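Working notes, structure below.
Laboratory data are not the source of any read-out in this text; all were calculated from the coordinates shown. Predicted model only: the values in this text are computed from it and were never measured. Here the Cβ positions follow ideal geometry from the backbone for every residue, glycine too, while neighbour counts run over all protein chains shown.
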Amino acid sequence: MIATTSNATARDELMSVYLRQWKVLRTLLRRRTGSQDLAEEALQETWLRLATMQRPLSAIHDQQAFLLRVAGNIAVDLARKEQRHSSRCISDEMLMEAMADSRPSPETFAVDRDQLRFLALALAQLAPKPRTALLLNRCDGLSHAEIAERLGVSPSMVAKYLAQALRHCRDHFRAQG
């Protein structure tokens, strides 16, 4: 390009090169970004950038190389922006998982209800002290010493009550299953 050419003429020539190289640019940008949408966006941004450039375009010696550089830089910027955006977005899978119903299925509910009935029957068959010791330990989280104090027995007796109650519940479930 001759240095004496006016900026408007240089812009027209650069835009003409853009239009002639549009398909080649699109292919190159699609490869560079890995996305047809990003390539199309980069093409549009390149057109706008060329149309609004304020620098003296007559100083450009290789318009095609300049065009490839501008479009390539824009494509890289758009791909980076997309990558940053994607890393902060919630994926559809994550959204669906978050929205998933956490309630048990009807089958799970029925099985759990049956097991609770079996447990209630097993507990009803226990003598009062072993039953109380088991409930205080497993439901209320009391230690052997705390249970012993409440029941008026020694901690070693509480251990025996708990072993008896657990053994009874295990045997009851085995007999039902």
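Between D112 and M53, the modelled label-to-label distance comes to 6.7 nm, taking each label 7 Å out from Cα in the direction of the beta carbon.
Distance between the pseudo-spin-label points of E93 and R20 (7 Å out from Cα toward the beta carbon): 4.8 nm. For the pair Q64 and D12, the difference between a 0.36 nm per residue extended length and the Cα-Cα distance amounts to 17.4 nm.
Here the range 7-96 is described by how far its Cα atoms reach on the three principal axes: 55, 24, 15 Å, from widest to narrowest.
In the range 95-154, the C-alpha radius of gyration followed by the widest Cα-Cα span (Dmax) gives 17.7, 54 angstrom.
Rounded to the nearest whole angstrom, the semi-axes of the ellipsoid equivalent to the chain, taken from the Cα gyration tensor as √(5λ), stand at 83, 18, 11, largest first.
Taking 7 Å steps out from each Cα toward its Cβ at V153 and H85 produces label points 6.9 nm apart.
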